[in-house]
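The values are calculated or read from the model by the stated rules, or taken from the named source; none is laboratory data. None of these values were measured; they are calculated from a predicted model. Glycine gets a Cβ as well: all are built from the backbone with ideal geometry, and neighbour counts include every protein chain shown.
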């Protein structure tokens with residue numbers, strides 16, 4: 001490479017996006033993932049010893065998955081192949097595997113295949129990949145933002161180790177942004193750019209744990225405001241101008257969606273209205289369909305509160321009507337009312353337990369026979385000819401209750417519903433105990 005080509009390469013580097021230029025070049029520069037690639041971590045030891053196993057890096061965007069792969073490419077003695085799952089096909093996989101086999105046969109050099117967005121591989125692609133991973137032809141390194149437990153075949157997943165990368169905390173994002181402002185070789189150092197404390201706080205909040213987003217914000221500010229100035233102090237207004245209204249990262253079809261609704265329901269079940277309101281606010285701010293939220297409230301009212309407070313189901317249904325009738329943003333108020341009511345209501349799952357026990361009994365039995373005395377007598381000849389209704393005792397003739405069997409005799413004694421002593425269900429329990437004493 002001559003002097004002119006060296007200059008061209010330098011210009012290309014400096015014209016590249018800031019996030020690309022500031023990618024970590026060593027494992028020590030990877031921020032916030034010490035549990036995966038820090039000193040002494042198993043994956044780091046495998047990389048340094050050039051003894052990689054197949055694995056998947058799972059974590060949100062901007063946490064270092066691709067950067068770690070690039071570092072592996074530089075550090076390892078293996079041949080490194082990069083593949084984008086969204087553009088690759090079965091033929092591409094077979095070709096790489098064929099070349100890998102030849103390379104190892106003649107040069108004893110292993111091949112690492114890095115698959116970005118591996119969750120986008122369909123079943124056929126994963127099935128083609130499996131034998132090459134299993135026999136060691138390829139060492140697979142996958143990166144994904146989606147939960148691999150749901151996105152990868154069980155057979156392939158069982159042959160991979162899973163490393164979870166965490167979203168970067170505020171301190172890590174602030175450190176990455178400050179490093180970019182100070183670095184004179186790859187970053188914005190030497191350009192006289194500083195940032196106010198409040199602007200830094202707003203930038204960190206806007207990044208939401210994504211280092212790439214934080215660097216892109218700085219890059220946009222520099223490109224739009226800093227090129228004509230000798231020095232530049234970044235203010236909160238400048239960050240707001242680039243980011244606009246802060247929008248919460250919330251994938252309505254991804255893993256975070258299901259984790260959030262789970263936290264929401266468990267907070268209501270645990271009688272914590274503050275936590276329940278917080279998780280609902282996360283969903284609403286992230287653009288979740290309020291009808292999805294209220295459907296979960298209806299299920300929760302029956303499943304976890306039930307007859308301990310029969311009014312809970314009515315409140316949840318009323319919130320559903322309010323959502324359809326007024327919509328957001330006003331519907332947030334009846335939703336909040338329902339969430340607070342359900343959170344503070346007494347809890348009982350006896351209705352769910354009872355129906356599940358009854359279903360299990362039906363599924364484990366044979367033919368279901370209705371006892372004759374409980375049969376339909378709407379036809380005038382049903383009794384005389386078929387014996388239906390014969391022996392049936394009409395409870396109102398006995399003051400509202402009379403002891404008689406309502407189940408097929410072959411079932412024997414069974415009890416599906418076991419009322420708790422919480423809330424209104426204590427009243428139900430007392431009533432059932434009273435009529436059983438009559439019997």
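Just name the residue that is farthest from residue 368 (Cα to Cα) out of those in segment 403-436 that are part of a helix (DSSP H, G or I) and touching a helix residue (DSSP H, G or I) at 6+ places or on another chain (Cβ under 8 Å). Don't jump to the end; show me each part of the working.
Narrowing segment 403-436 to residues part of a helix (DSSP H, G or I): 409-411, 425-436.
With touching a helix residue (DSSP H, G or I) at 6+ places or on another chain (Cβ under 8 Å) added as a condition, the list becomes 411, 425, 428.
Details: 411: 10, 425: 30, 428: 29 Å.
Filtering first and then ranking leaves 425.
Filter segment 194-205 down to residues that are out of contact with any strand residue (DSSP E or B) (no Cβ under 9 Å at 6 or more places or on another chain) and buried (at least 20 other Cβ atoms within 10 Å of the Cβ) and give me whichever is nearest to residue 243 (Cα to Cα).
Once the filter is applied, the top-ranked residue is 202.
Take residue 44 and decide whether it is at negative phi and touching a residue at least 24 places away in the same chain (Cβ under 8 Å).
Taking the combined requirement at face value, the residue does not satisfy it.
Out of the residues in segment 155-174 that are buried (at least 18 other Cβ atoms within 10 Å of the Cβ) and within 20 Å of residue 216 (Cβ to Cβ), state the one that is modelled with the lowest pLDDT. Lay out the reasoning, then the answer.
Of segment 155-174, the ones buried (at least 18 other Cβ atoms within 10 Å of the Cβ) are 156, 160, 163, 165, 167-168, 172-174.
Imposing the further condition that a residue be within 20 Å of residue 216 (Cβ to Cβ) reduces the set to 165, 167-168, 172-174.
Details: 165: 91, 167: 85, 168: 88, 172: 90, 173: 91, 174: 92.
In this case the residue turns out to be 167.
Looking at 175, 143, which is the one that is within 18 Å of residue 33 (Cβ to Cβ), touching a residue at least 12 places away in the same chain (Cβ under 8 Å) and under 21 Å from the mean Cα position of the chain (by Cα)?
143
Mind checking which residues of segment 41-63 are at pLDDT below 90, in a loop (DSSP other than H, G, I, E, B) and within 25 Å of residue 22 (Cβ to Cβ)?
59, 60, 61, 62, 63
Looking at 175, 207, 167, which is the one that is at negative phi and touching a helix residue (DSSP H, G or I) at 6+ places or on another chain (Cβ under 9 Å)?
Criteria check complete, one pass: 207.
Give 94, 98, 12 a once-over and let me know the one that is more than 19 Å from residue 212 (Cβ to Cβ), more than 28 Å from the chain's Cα centre (by Cα) and modelled with pLDDT under 90.
On inspection, the qualifying residue turns out to be 12.
Name, by its number, the condition in (1) closer than 29 Å to residue 436 by Cβ; (2) surrounded by 13 or more Cβ atoms within 10 Å (Cβ to Cβ) that does not hold for residue 383.
So the condition that residue 383 fails would be (1).
Take residue 355 and tell me if it is farther than 30 Å from residue 263 by Cβ and touching a residue at least 60 places away in the same chain (Cβ under 8 Å). Before the answer, list the steps.
Numbers: farther than 30 Å from residue 263 by Cβ: no; touching a residue at least 60 places away in the same chain (Cβ under 8 Å): yes.
Answer is no for this residue.
Mind listing just one residue for me: the one in segment 66-104 that is under 17 Å from residue 29 (Cα atoms) and touching a helix residue (DSSP H, G or I) at 6+ places or on another chain (Cβ under 9 Å) and, of those, surrounded by the fewest Cβ atoms within 10 Å (Cβ to Cβ)? Can you show your working first?
So in segment 66-104, the residues under 17 Å from residue 29 (Cα atoms) come out as 66-75.
Next cut, touching a helix residue (DSSP H, G or I) at 6+ places or on another chain (Cβ under 9 Å) only: 67-68, 71-72, 75.
Working: 67: 22, 68: 25, 71: 21, 72: 22, 75: 15.
Step by step, filter segment 66-104, then rank; the result is 75.
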